[in-house]
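Notes to accompany the following structure.
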């Protein structure tokens with residue numbers, strides 16, 4: 001009877017030690033299972049993103065290359081005659097306009113953004129920093145069409161009055177709108193790059209008798225140059241791919257501009273203005289896809305430059 005009572009008590013109340021081991025084993029198994037599931041979820045997500053990216057590149061590139069079944073490379077890239085209705089598919093005017101607009105935007109946006117970043121990180125009092133940084137972050141998220149509408153209703157009448165031109169559309173108006181758009185992006189990234197420069201570099205420079213201007217020009221900006229270059233490249237990548245804001249202020253006329261207030265066109269504006277009225281299986285449509293492929297290649301090239309700059313920074317660190 002004593003043995004039977006002991007056996008019943010063991011079955012009803014198992015030892016605490018074995019119960020604790022079982023709980024610990026179950027919890028460890030669940031944690032291990034959750035970690036493996038999360039790992040595979042991340043791998044599958046990255047794989048899907050890569051497939052989507054390469055599918056986009058392949059589809060746009062494959063469709064764009066069909067242009068050269070009827071148009072030669074020399075005509076497409078070096079001819080300025082873009083008259084698809086008459087069978088002329090020279091995209092040189094649009095390519096030159098895109099590069100000119102990007103260069104003008106770079107000349108206008110980079111110095112202003114760097115000066116604003118230096119002011120925020122080194123000169124402005126703390127209350128100005130607390131106010132300006134969130135404002136710049138909000139400006140980054142404003143839709144581009146808002147900038148384009150402001151440029152159409154405010155900037156173009158002002159340019160017509162100042163320059164005496166009939167329209168006011170052109171590279172200058174588009175570059176000003178793009179500059180305003182990319183200023184917050186370049187400024188915030190450059191501000192972070194300058195802020196993260198170690199304080200001992202500043203203190204050592206001031207201890208040697210350097211002025212604030214010397215510290216900024218000879219210590220901070222050279223130390224943060226990789227971050228500043230990254231900020232500028234990201235800003236230019238956004239400027240190159242911008243569409244709606246440019247369409248509203250550039251004039252959308254495929255011609256080489258004689259001055260900064262002559263209506264012209266770029267790759268993005270030409271695509272959005274013509275793509276809806278073109279049959280898919282036509283050389284005209286293939287030419288527009290080739291323009292999109294060129295923009296995609298430029299964006300990938302800029303991203304590759306950023307990766308190279310980041311890798312060099314990690315190596316030097």
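Filter segment 57-77 for residues that are without any contact (Cβ under 8 Å) to a residue 24 or more places away in the chain and assigned to a helix (DSSP H, G or I) and give the result.
58, 59, 62, 68, 73, 74, 75, 77
Any residue in segment 285-304 that's at positive phi and part of a helix (DSSP H, G or I): show its pairings with residues that are surrounded by fewer than 19 Cβ atoms within 10 Å (Cβ to Cβ) and modelled with pLDDT under 90 at Cβ separation under 7 Å, as long as the two are six or more apart or on different chains.
Here the result reads none, with nothing in segment 285-304 linked to a residue that is surrounded by fewer than 19 Cβ atoms within 10 Å (Cβ to Cβ) and modelled with pLDDT under 90.
Could we say that residue 255 is at pLDDT 85 or above and not in a loop (DSSP other than H, G, I, E, B) here?
No.
Are any residues in segment 257-277 over 23 Å from residue 105 (Cβ atoms) and without any contact (Cβ under 8 Å) to a residue 40 or more places away in the chain, and if so, which ones? Give the derivation first.
So in segment 257-277, the residues over 23 Å from residue 105 (Cβ atoms) come out as 274-277.
Those that are over 23 Å from residue 105 (Cβ atoms) and without any contact (Cβ under 8 Å) to a residue 40 or more places away in the chain: 275, 276, 277.
Quick test for you: out of 140, 177, pick the one residue that is modelled with pLDDT under 90 and in contact with a helix residue (DSSP H, G or I) (Cβ under 6 Å, 6 or more places away or on another chain).
140
Kindly indicate the residue of segment 55-77 that is surrounded by 15 or more Cβ atoms within 10 Å (Cβ to Cβ) and closer than 13 Å to residue 285 by Cβ and also nearest to the chain's Cα centre (by Cα) among those meeting that condition.
60
Sort through 217, 241 and tell me the only one that's surrounded by fewer than 20 Cβ atoms within 10 Å (Cβ to Cβ) and within 22 Å of the chain's Cα centre (by Cα).
Result of the check over 217, 241: 241.
Residues to consider are 255, 274; find the one that is surrounded by fewer than 20 Cβ atoms within 10 Å (Cβ to Cβ) and out of contact with any strand residue (DSSP E or B) (no Cβ under 8 Å at 6 or more places or on another chain).
Step by step, each of 255, 274 is checked, and only 274 is surrounded by fewer than 20 Cβ atoms within 10 Å (Cβ to Cβ) and out of contact with any strand residue (DSSP E or B) (no Cβ under 8 Å at 6 or more places or on another chain).
Out of 159, 178, 139, report the one residue that is in a helix (DSSP H, G or I) and surrounded by fewer than 21 Cβ atoms within 10 Å (Cβ to Cβ).
On the way: 159 fails: surrounded by fewer than 21 Cβ atoms within 10 Å (Cβ to Cβ); 178 fails: surrounded by fewer than 21 Cβ atoms within 10 Å (Cβ to Cβ).
Within the list 159, 178, 139, the selection yields 139.
I'm trying to understand the selection: among the residues of segment 181-198, which are in contact (Cβ under 8 Å) with a residue 40 or more places away in the chain and either surrounded by fewer than 18 Cβ atoms within 10 Å (Cβ to Cβ) or outside any helix (DSSP H, G or I) (or both)?
195
Test residue 80 against the stated conditions and say whether it is surrounded by 14 or more Cβ atoms within 10 Å (Cβ to Cβ), in a helix (DSSP H, G or I) and in contact (Cβ under 8 Å) with a residue 40 or more places away in the chain.
Here the answer is no, as residue 80 does not meet what is asked.
The values are calculated or read from the model by the stated rules, or taken from the named source; none is laboratory data. Just so you know, these numbers come straight off a predicted model, no measurement behind them. Neighbour counts run over all protein chains shown; Cβ positions are idealised from the backbone, glycine included.
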